[in-house]
Amino acid sequence: MTDDKDVLRDVWFGRIPTCFMLYQDEITEREAEPYYLLLPRISYLTLVTDKVKKHFQKVMRQEDVTEIWFEYEGTPLKWHFPIGLLFDLHASNTALPWNITVHFKNFPEKDLLHCPSKDVIEAHFMACVKEADALKHKSQVINEMQKKDHKQLWMGLQNDKFDQFWAINRKLMEYPPEDSGFRYIPFRIYQVTTERPFIQKLFRPVATNGQLNTLGDLLKEVCPAAITPEDGQKKNQVMVHGIEPMLETPVQWLSEHMSYPDNFLHISIIPQPTD
């Protein structure tokens, strides 16, 4: 992969200032102060909120503490989506800090998966990494790795260790010199305006004529509604990690440098703010 290490670092160390507040109907023994945290964009809510849970448990009766879940403006937040994706989808055009409501009751079974332990997050994360490598290398790279390499990927993410993670992940970002990129690009496109969880299709980084496919090419093929017509007004923002990449950017470069640790490019299509 090309050596744009600064981009990898910027992506890894992206943070979202967040204010956690206890839901007003939760029963407490004394007033619950809000809790402030810088959330890592690349991680998962249930992986980085142990301190939040402990903070609010202090003011609650133990019998009232069940599984914690989070909500933003009425929308339950899916813990198995990376934090940066959740923010881009639901809150990218709001003032910071991001105000998240904490619940311990009435778990929304229809909207959220249960997350009883860190093992569940690890299993989800590794399943995504394996799926991505199936697309990129027919699973050859991930299958050649040892169990300790898989563990190092996970521990690097869990403990926020950039070098530990990338020492292994760089192998997943390589491809044979005779190729111009991966077999297929692992991506998912999300829209708040549809019920569909995300769009995911097979898409090659290089066109049949040998040209590198761009983000614009990807959108034209799988989500044409996201593209602004030449004579039209911009209706959508196409976001990855809180920025709008140029549509001329090759998807191979984006996949190598702006994928989340699960090796997927998570792309949010959100309505253009009107103000």
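The values are calculated or read from the model by the stated rules, or taken from the named source; none is laboratory data. What you see is a predicted model; the values in this text were computed from it and never measured. Positions of Cβ are backbone-derived with ideal geometry, glycine not excepted, and every protein chain shown enters the neighbour counts. Protein only, heavy atoms only, side chains kept; ligands, DNA and RNA dropped before computing areas. Shrake-Rupley method; radii C 1.70, N 1.55, O 1.52, S 1.80 Å.
Looking only at residues in the range 232-264 that are polar (S, T, N, Q) and open to solvent by less than 70 Å² (accessible area, probe 1.4 Å), which one is farthest from Ile168 (Cα to Cα)? Quick ask: steps written out before the conclusion?
To start, the set of residues in the range 232-264 that are polar (S, T, N, Q) comprises 233, 236-237, 249, 252, 255, 259, 263.
Still in the running and open to solvent by less than 70 Å² (accessible area, probe 1.4 Å): 236-237, 249, 252, 255, 259, 263.
Working: Asn236: 36, Gln237: 33, Thr249: 26, Gln252: 19, Ser255: 16, Ser259: 15, Asn263: 12 Å.
By that ranking, first place goes to Asn236.
Applying the set (1) assigned to a loop (DSSP other than H, G, I, E, B); (2) within 26 Å of Glu131 (Cα to Cα) to Leu254 leaves exactly one unmet item: (1).
For Phe187, the stated conditions hold: it is at pLDDT 95 or above, open to solvent by less than 80 Å² (accessible area, probe 1.4 Å) and of a type in the set (Phe, Trp, Tyr).
Scanning the range 189-231 for residues that are acidic (Asp, Glu) and either in a loop (DSSP other than H, G, I, E, B) or within 26 Å of Thr75 (Cα to Cα) (or both) yields Glu195, Glu230, Asp231. Of the numbered conditions (1) touching a residue at least 40 places away in the same chain (Cβ under 8 Å); (2) of a type in the set (D, E, K, R); (3) closer than 30 Å to Glu67 by Cα, Asp119 fails exactly one; give the number of that condition. Every listed condition holds for Asp119 apart from (1). The set of residues in the range 99-137 being open to solvent by 50 Å² or more (accessible area, probe 1.4 Å) and charged (D, E, K, R) consists of Lys105, Glu109, Lys110, Asp111, Lys118, Asp119, Lys130, Glu131. I need a count of the residues in the range 42-55 that are within 30 Å of Trp253 (Cβ to Cβ) and open to solvent by 20 Å² or more (accessible area, probe 1.4 Å). Qualifying residue count for the region: 1. Name the residue that is farthest from Met258 (Cα to Cα), counting only residues in the range 3-41 that are surrounded by 14 or more Cβ atoms within 10 Å (Cβ to Cβ) and acidic (Asp, Glu). Among residues in the range 3-41 that are surrounded by 14 or more Cβ atoms within 10 Å (Cβ to Cβ) and acidic (Asp, Glu), the one farthest from Met258 (Cα to Cα) is Glu26. When the range 198-210 is filtered for residues that are open to solvent by 50 Å² or more (accessible area, probe 1.4 Å) and under 17 Å from the mean Cα position of the chain (by Cα), the ones remaining, listed by number, are Phe198, Gln200.
Within the range 22-50, residues that are more than 23 Å from Phe162 (Cα to Cα) have Cβ atoms under 8 Å from residues that are among the polar types (S, T, N, Q) in these pairs: Leu22/Thr28; Leu22/Thr101; Tyr23/Thr101; Tyr36/Thr18, counting only partners at least 6 apart in sequence or on another chain.
One residue is enough: does the range 102-122 have a residue meeting the conditions in a helix (DSSP H, G or I), among the small types (Gly, Ala, Ser) and on the phi < 0 side of the Ramachandran plot? No - not one qualifying residue is present in the range 102-122.
Results for (1) open to solvent by 40 Å² or more (accessible area, probe 1.4 Å); (2) at pLDDT 95 or above; (3) within 20 Å of Arg15 (Cα to Cα), shown as yes or no for each residue.
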site	(1), (2), (3)
Arg196	yes, no, no
Ala226	no, no, no
Glu230	yes, no, no
His266	no, yes, yes
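Do we find a residue being farther than 23 Å from Asn169 by Cα, polar (S, T, N, Q) and in contact with a strand residue (DSSP E or B) (Cβ under 6 Å, 6 or more places away or on another chain) anywhere in the range 220-231? No, the range 220-231 contains no residue that is farther than 23 Å from Asn169 by Cα, polar (S, T, N, Q) and in contact with a strand residue (DSSP E or B) (Cβ under 6 Å, 6 or more places away or on another chain).
Annotation note: Cβ proximity below 6 Å between a residue of the range 87-115 that is farther than 21 Å from Tyr35 by Cβ and touching a residue at least 12 places away in the same chain (Cβ under 8 Å) and a residue that is among the hydrophobic types (A, V, I, L, M, F, W, C) and part of a loop (DSSP other than H, G, I, E, B) (sequence gap 6+ or interchain) occurs for Leu89/Val192. Scan the range 159-168 and tell me whether some residue there is within 22 Å of Phe81 (Cα to Cα), of a type outside the set (S, T, N, Q) and assigned to a loop (DSSP other than H, G, I, E, B). Yes, there is a match, as at least one residue in the range 159-168 is within 22 Å of Phe81 (Cα to Cα), of a type outside the set (S, T, N, Q) and assigned to a loop (DSSP other than H, G, I, E, B).
Among the conditions (1) open to solvent by 30 Å² or more (accessible area, probe 1.4 Å); (2) touching a helix residue (DSSP H, G or I) at 6+ places or on another chain (Cβ under 8 Å); (3) more than 19 Å from Gly84 (Cβ to Cβ), Asn213 misses just one, which is (1).
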